[in-house]
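Asks: One structure follows; several queries about it will come next.
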Amino acid sequence: MNTMPRFAVILSGSGRADGSEIHEAVTALLAIDKAGCTYQCFAPNIEQAAVINHLTSEKTDERRNVLVESARIARGNIKPLDDFKVKDFECIIFPGGLGAITNWCDFAITGVACTVDNSIKRVLLEAYKENLVIGAMCIAPVIVAKVLGEYGITVTIGNDKTIAEKIKETGAKHQNTDAKSACVDEENMVVTTPAYMLANSISEVATGAEKMVQEMVRLAQS
């Protein structure tokens, strides 16, 4: 394609301990904008698995909605994930944060045997089968591997050996990568970056996000 690709960005809440990692989500959105591309945010319209006080890191008794919380990051410009139509996009990004492994699935509790939210599974499968370029950051590649591992995709979460082994259990491959780089699976159109799995600063996250987006644009235009 000659035109700039359109991105869907899938969020899991607002805050690293129970939703999307805000730095990762924002640097991804910024990288998309700097690349001259457009984006639309989506999130599942479901209740959060837990609500964490980000000041104390303690669990609270509150109940919050993933879509409503994600709207904070998207400045209100967000749609329910059920409204996602694969024909409207060439690229899709899944930022990290613990919401990825608690709200999108229960990997945080059950590991590789986790159950993935139906809307997340649908979107990932449709994106893969329709040749969208799939991007994921931080811990989110675990979900991509869970859903698409049977296709032998290659992803990175940095260099954590334990999680890398769990990824391999899905049928996916793992590639060690530093925080400011991206793992590019050319054949399967999957691009991943470690972000805060390794990054020591927001600037490192931003560098990795920009690298991911640049590679995604290249693949979408090839």
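Bear in mind these aren't lab numbers, they're just calculated from the coordinates by the rules spelled out. Source: prediction; values computed, not measured. Neighbour counts are summed over all protein chains in view; Cβ atoms, including those assigned to glycine, are modelled from backbone coordinates with ideal geometry.
Asks: Say we join alpha carbon atoms closer than 10 Å with springs in a Gaussian network model of the chain; which of Ala28, Ala74, Ala113 then has the biggest fluctuation?
Replies: Ala113
Asks: Sorting Tyr128, Tyr151 on the 10 Å Cβ count, fewest up front, what's the list?
Replies: By the 10 Å Cβ count, ascending, the order reads Tyr151, Tyr128.
Asks: Fewest Cβ neighbours within 10 Å first, please rank Arg218, Arg63 accordingly.
Replies: Ordered by Cβ neighbours within 10 Å, fewest first: Arg63, Arg218.
Asks: Can I ask one more? Relative to the Cα centre, what is the charge dipole magnitude of segment 45-95, using +1 at the beta carbon of each Lys and Arg, -1 at the beta carbon of each Asp and Glu, and rounding to the nearest 20 debye?
Replies: That gives a dipole near 140 debye.
Asks: May I ask you to sort Lys79, Lys87 by Cβ crowding, counting other Cβ atoms within 10 Å and putting the fewest first?
Replies: Lys87, Lys79
Asks: So, one more: At 7 Å along Cα-to-Cβ for each site, give me the label-to-label distance between Arg63 and Asn45 in nm.
Replies: My value for the distance between the label points is 1.7 nm.
Asks: Quick one: divide the alpha-carbon radius of gyration of segment 31-146 by 2.2 N^0.38 Å and tell me what you get.
Replies: Cα-based Rg divided by the globular estimate yields 1.08.
Asks: Now for a separate question. Spelling out what I want: for every residue of segment 18-25, take phi, set θ = phi - 60°, compute 6.51 cos²θ - 1.76 cosθ + 1.60 (Karplus), and round to whole Hz; glycine and proline get x.
Replies: 8, x, 6, 5, 5, 4, 5, 4
Asks: Through the Karplus equation 6.51 cos²θ - 1.76 cosθ + 1.60, θ set to phi - 60°, convert the phi angles of segment 141-156 into ³J(HN,Hα) values in whole Hz; use x for Gly and Pro.
Replies: For segment 141-156, the Karplus-derived couplings read x, 4, 5, 4, 5, 4, 7, 10, x, 5, 8, x, 5, 10, 9, 9 Hz, x marking Gly and Pro.
Asks: Efficiency by 1/(1 + (r/R0)^6): what FRET value for His54 and Lys87, r their Cβ-Cβ distance, R0 = 41 Å, to the nearest 0.05?
Replies: 0.65
Asks: Can you pull the one-decimal nm distance between simple spin-label points at Arg72 and Thr38, each 7 Å off the Cα toward Cβ?
Replies: Placing both labels 7 Å beyond Cα along the Cβ direction yields 2.8 nm.
Asks: With +1 on the Cβ of every Lys and Arg and -1 on the Cβ of every Asp and Glu, and nothing else charged, how large is the dipole of segment 6-221 about its Cα centre, in debye rounded to the nearest 20?
Replies: 200 debye
Asks: For segment 6-221, what does the relative contact order come out to in percent, with C-alpha contacts under 8 Å and a separation of six or more?
Replies: Relative contact order, segment 6-221: 20 percent.
Asks: Continuing with the same structure: Among Ser70, Ser20, Ser181, which one moves the most in a GNM of the chain with springs linking Cα atoms closer than 10 Å?
Replies: Ser181
Asks: Can you list residues from other chains, or at least 5 along the same chain, whose modelled amide H is less than 5 Å from the amide H of Thr154?
Replies: Lys173
Asks: Right, another one. What residues have an amide H closer than 5 Å to that of Cys41, excluding those fewer than 5 places away on the same chain, when H is modeled at 1.01 Å from N in the peptide plane?
Replies: Amide H neighbours of Cys41: Val9, Lys79.
Asks: Still on this structure, please answer the following. Evaluate the chain: find the radius of gyration of its Cα atoms, find its Kirkwood radius, and give the ratio Rg to Rh.
Replies: 0.93
Asks: Run through the DSSP bridge list for the chain and note the antiparallel percent, rounded to the nearest 5.
Replies: 25 percent
Asks: Going down the table (Lys129/Lys168; Lys85/Lys161; Lys85/Lys168), which pairs top 32 Å between alpha carbons?
Replies: Pairs exceeding 32 Å: Lys85/Lys161.
Asks: Apply 1/(1 + (r/R0)^6) to the Cβ-Cβ distance of Ile109 and Thr3, taking R0 = 45 Å, and write down the FRET efficiency to the nearest 0.05.
Replies: That pair, Ile109 with Thr3, gives E of 0.60.
Asks: Tell me what the chain gives for mean residue ellipticity at 222 nm when only DSSP H runs of n ≥ 4 count, each as -39,500 (n - 2.57), the sum divided by the residue total, rounded to 500 deg cm²/dmol.
Replies: Helix contribution divided over all residues of the chain: -10000 deg cm²/dmol.
Asks: On to the next question. With springs only between Cα atoms under 10 Å, which of Asp88, Asp106, Asp185 fluctuates most in a Gaussian network model of the chain?
Replies: So, out of Asp88, Asp106, Asp185, the one fluctuating most is Asp88.
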